[in-house]
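A quick write-up on the structure given underneath.
The values are calculated or read from the model by the stated rules, or taken from the named source; none is laboratory data. Please read all numbers here as calculations on a predicted model, not as lab measurements. Please note: Cβ atoms are built from the backbone with ideal geometry, for glycine as well, and neighbour counts cover all protein chains shown. Surface accessibility is based on the protein's heavy atoms, side chains included, excluding ligands, DNA and RNA. Shrake-Rupley method; radii C 1.70, N 1.55, O 1.52, S 1.80 Å.
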Amino acid sequence: LQKQPLLVAEQLANAVDTVQARVDDRRQQLIVEVPDRAIRVFGDGVRLAQVFSNLLVNASKFTPVGGRICLRACVIGNNVVVTVGDDGDGIAAEVLPTVFTLFAQGPRTLERSQGGLGIGLNIVRNVVEMHGGSVSASSPGLGHGTIFTVRLPLLEVTDAPLAVVPDTPLPTLRHHILLVEDNQDASEM
């Protein structure tokens, strides 16, 4: 990890940008509630944006067309708490304890064949734990949606404006990446 002080709102905005086209295509409503004050964590921006993007992609994937997804952030004690909730398929009680296990997937039916390898939530858990945080999942049951809760140690909260402009321009790094993936959802993520 390449950790530095990060604004939580920026990481969430990056995640929303990643999934917005998918949400729009599925005519889903994405509600984002982030405090006006600057909330910071000490972390790797790329990895934290990946965590939140993964949770949002899953929420969109398992929420029906026209459904609702909520992304919320708040401060509770010494933690930043980010929740991703949806009104989608939900998770059966017997599956909840294993959702973060590598290659774990819920029961598959023809109408629930959403693709995926069962590694995304395991990556989420590992990255969050590498940041000194925790992640949990809850669901009232099948057909009643799911809420994922990420807790990260709070670095600071200030009343400073959320927009941050660096004093000196950052160098632009260019990378060429070849992505080979036969699963459309996985390649978009």
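Which pairs have Cβ atoms under 6 Å, sit 6 or more apart or on different chains, and link a residue in the range 35-57 that is touching a residue at least 60 places away in the same chain (Cβ under 8 Å) to one that is charged (D, E, K, R) and not in a helix (DSSP H, G or I)?
Arg37/Asp159; Arg40/Glu156; Phe42/Lys3; Gly43/Lys3; Asp44/Lys3
Does Gln4 satisfy the condition of being among the polar types (S, T, N, Q), modelled with pLDDT of 90 or more and over 20 Å from Val128 (Cβ atoms)?
no
Quick grid of which residues meet (1) modelled with pLDDT under 70; (2) of a type in the set (Asp, Glu); (3) not in a loop (DSSP other than H, G, I, E, B):
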position: Gly115; (1), (2), (3): yes, no, no
position: Val128; (1), (2), (3): no, no, yes
position: Ala137; (1), (2), (3): no, no, yes
position: Gly143; (1), (2), (3): no, no, no
position: Thr149; (1), (2), (3): no, no, yes
position: Leu152; (1), (2), (3): no, no, yes
position: Val165; (1), (2), (3): yes, no, no
position: Leu178; (1), (2), (3): no, no, no
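Considering the range 58-85 alone, what residues qualify as being surrounded by fewer than 16 Cβ atoms within 10 Å (Cβ to Cβ), part of a strand (DSSP E or B) and touching a Leu at 6+ places or on another chain (Cβ under 7 Å)?
Within the range 58-85, just Val75 meets the criteria.
Here is a yes/no grid of residues against (1) more than 17 Å from the chain's Cα centre (by Cα); (2) closer than 25 Å to Phe62 by Cα; (3) acidic (Asp, Glu):
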position: Gln4; (1), (2), (3): yes, no, no
position: Leu7; (1), (2), (3): no, no, no
position: Val16; (1), (2), (3): no, yes, no
position: Gln20; (1), (2), (3): no, yes, no
position: Val23; (1), (2), (3): no, yes, no
position: Ile31; (1), (2), (3): no, yes, no
position: Val34; (1), (2), (3): no, yes, no
position: Val41; (1), (2), (3): no, no, no
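Among the candidates Arg40, Arg47, single out the residue that is surrounded by fewer than 22 Cβ atoms within 10 Å (Cβ to Cβ), charged (D, E, K, R) and either touching an Asp or Glu at 6+ places or on another chain (Cβ under 6 Å) or part of a loop (DSSP other than H, G, I, E, B) (or both).
Working: Arg47 fails: either touching an Asp or Glu at 6+ places or on another chain (Cβ under 6 Å) or part of a loop (DSSP other than H, G, I, E, B) (or both).
So the residue among Arg40, Arg47 that is surrounded by fewer than 22 Cβ atoms within 10 Å (Cβ to Cβ), charged (D, E, K, R) and either touching an Asp or Glu at 6+ places or on another chain (Cβ under 6 Å) or part of a loop (DSSP other than H, G, I, E, B) (or both) is Arg40.
Could you check Asp159 against (1) at pLDDT 75 or above; (2) of a type outside the set (A, V, I, L, M, F, W, C); (3) more than 16 Å from the chain's Cα centre (by Cα); (4) under 30 Å from Arg37 (Cβ atoms) and say which number it fails?
(1)
Condition check: farther than 18 Å from Gly141 by Cβ and open to solvent by 40 Å² or more (accessible area, probe 1.4 Å). Does Gln29 satisfy that?
yes
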